[in-house]
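Undergrad: Please see the structure below; I have some questions.
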Amino acid sequence: MKWLELVQVAGATLVAAVTVVVLYSLGVRLTAIAGDVTEQKPAWLRPLAYVCFGLCGAAVLFGLYLIIPYFGG
Amino acid sequence: MVALVIALALFFDFTNGFHDTANAMATPIATGAIKPKTAVALAAVLNLVGAFLSTEVAKTVSGGIIKEGSDGVQITPDIIFAGLMGAILWNMITWLKGLPSSSSHALFGGLIGAAIAGIGIHSINFESLMQKVILPAIFAPIIAGGVAYLCTRLAYALTSRHDPESGTKLTQKRGGFRTGQIFTSSLVALAHGTNDAQKTMGIITLVLIAAGTQEPGTGPQFWVIASCAFAIAIGTYSGGWRIIRTMGSGLTEVKPAQGFAAESSTASAILASSHLGFALSTTQVASGSVIGSGMGRRGTTVRWGTAGRIALGWLFTLPAAGIVGALTALLVMTGVVGVIIAAAAGTAAVLYMFLYSKKSHVGHHNAVAVEEAGQAVRFRKKKKKAMSASTAKDEPKGEL
């Protein structure tokens, strides 16, 4: 039986999905905080949110890069 | 015969496409992230792109389940014809019932049935069947569901906002997830293209090799790749609205954050599995994810009745497609007349189901009642406080 492959697939799925979701959620959260009008907040909040979205996109692209044989992955 | 099989294979590809639109696009349609028409168009384009991206899967389609090759039995176009017939009919039946069932299982079932009837039970490699079909079928929904559950919890935990002093819930502002859904669902569609169009390519290549027009051991030819890609894209665009309805609002109410988590898990699972060689069914992964994300958000109910109906459908997929495949194989074995009868009966059955479906039309206009799905969220009555807080949570929807 291919238990090892099963575990590999489960692990890869978990890591990939959690990475994407956590980064995107942080982005959403930071955008929300940055959008609050009442509070006194540091100026780096919004850029940081964009960094999170960017990292999330980069993670997805990296995943695709690994998978598509054309790129030698 | 070869031409007939290729035509049938392309038609199977078409049913596969429109059967599986739901996997990628049911949740964004349900949350209103993308308009239904746009969603299926997007899915179609991405399926097309995905089909061209990788042909790894195509090379191992029947994957040794039927012992083909020099030491095994000779698989003939007749057997493949019969198998495809079984797969197509089962796909049509489940579509009519709105059940998301695995197209790959239908294909395997049909081929297995045809091989047993046409060649004999010894032609089936049961160990390989267990390893490549049965076990993944059990684990696909579990893996995807578990990951989706975790992701949904994480997404909600990370974005839940409380006032530091009073502890009351602030506006949650989770609208960003809706935009994110566009990307994640696109990824699922792409993954589907890299995965499912391959199966038909593999079948056609198998036929060409069996007919002696292609060297054994070579990959699919370009025209095969192109026609399969287009068949699945057209199928996707036609949209299996019945199944979209089941997946989008039949299993559980889907919110943007949930949909995002579910789609991320689905895409990761499909891509990981097709890359690492432990093939999982797209449909089963997607259904598992939707259920998992439904369990992950407090206050949502998963309709286990529908889930059970789907699971039952999965159980029947392999044997049902197998029986049709076997019957067709027996018919085909009798000669040319048998082939004609089988082809005519198959066409008639598909036509009948298509006409029958017209009676209760489910189209893009009524597949998912978006407003209803967005607002009629069930919360348990005893949680009065949670209820008011949750309505606050829903507010950002209006802002978008």
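The values are calculated or read from the model by the stated rules, or taken from the named source; none is laboratory data. Owing to the predicted nature of the structure, the values given are computational and were not obtained by experimental measurement. Here the Cβ is made from the backbone with ideal geometry for all residues, glycine too, and neighbour counts use every protein chain on show.
Undergrad: For the range B:304-325, check the following and say yes or no: at least one residue is touching a residue at least 60 places away in the same chain (Cβ under 8 Å), part of a helix (DSSP H, G or I) and within 14 Å of another protein chain (Cβ to nearest Cβ).
TA: no
Undergrad: Can you confirm whether B:Ile270 is in contact with a Leu (Cβ under 8 Å, 6 or more places away or on another chain) and either of a type in the set (A, V, I, L, M, F, W, C) or without any contact (Cβ under 8 Å) to a residue 40 or more places away in the chain (or both)?
TA: Values: in contact with a Leu (Cβ under 8 Å, 6 or more places away or on another chain): yes; either of a type in the set (A, V, I, L, M, F, W, C) or without any contact (Cβ under 8 Å) to a residue 40 or more places away in the chain (or both): yes.
Yes, satisfied.
Per-residue answers, yes or no, for (1) closer than 29 Å to B:Thr266 by Cα; (2) in contact with a helix residue (DSSP H, G or I) (Cβ under 8 Å, 6 or more places away or on another chain); (3) crowded, with 24+ Cβ neighbours inside 10 Å; (4) more than 14 Å from every other protein chain (Cβ to nearest Cβ):
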{"position": "B:Gly193", "(1), (2), (3), (4)": "yes, yes, yes, no"}
{"position": "B:Met201", "(1), (2), (3), (4)": "yes, yes, yes, yes"}
{"position": "B:Ala210", "(1), (2), (3), (4)": "no, yes, no, yes"}
{"position": "B:Ser227", "(1), (2), (3), (4)": "yes, yes, no, yes"}
{"position": "B:Ile234", "(1), (2), (3), (4)": "yes, yes, no, yes"}
{"position": "B:Tyr237", "(1), (2), (3), (4)": "yes, yes, no, yes"}
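Undergrad: Still on this structure, I have one more. If I ask for residues that are under 15 Å from B:Thr159 (Cβ atoms) and among the β-branched types (Val, Ile, Thr), which ones from the range A:19-37 would you list? Walk me through how you get there before you give the answer.
TA: Narrowing the range A:19-37 to residues under 15 Å from B:Thr159 (Cβ atoms): A:20-36.
Answer for the range A:19-37, where residues must be under 15 Å from B:Thr159 (Cβ atoms) and among the β-branched types (Val, Ile, Thr): A:Val20, A:Val21, A:Val22, A:Val28, A:Thr31, A:Ile33.
Undergrad: Could you grab me the full set of residues in the range B:239-293 that are away from every other protein chain (no Cβ under 14 Å), over 12 Å from the mean Cα position of the chain (by Cα), assigned to a helix (DSSP H, G or I) and not β-branched (Val, Ile, Thr)?
TA: Scanning the range B:239-293 gives B:Trp241, B:Arg242, B:Arg245, B:Gly248, B:Ser249, B:Gly250.
Undergrad: Out of the residues in the range A:3-26 that are more than 7 Å from every other protein chain (Cβ to nearest Cβ) and at pLDDT 80 or above, which is surrounded by the most Cβ atoms within 10 Å (Cβ to Cβ)?
TA: A:Leu23
One line per residue, one yes/no per condition, for (1) closer than 20 Å to B:Val133 by Cα; (2) at pLDDT 80 or above:
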residue	(1), (2)
B:Val49	no, yes
B:Ser62	yes, no
B:Ile66	yes, no
B:Trp90	yes, yes
B:Gly98	no, no
B:Ala106	yes, yes
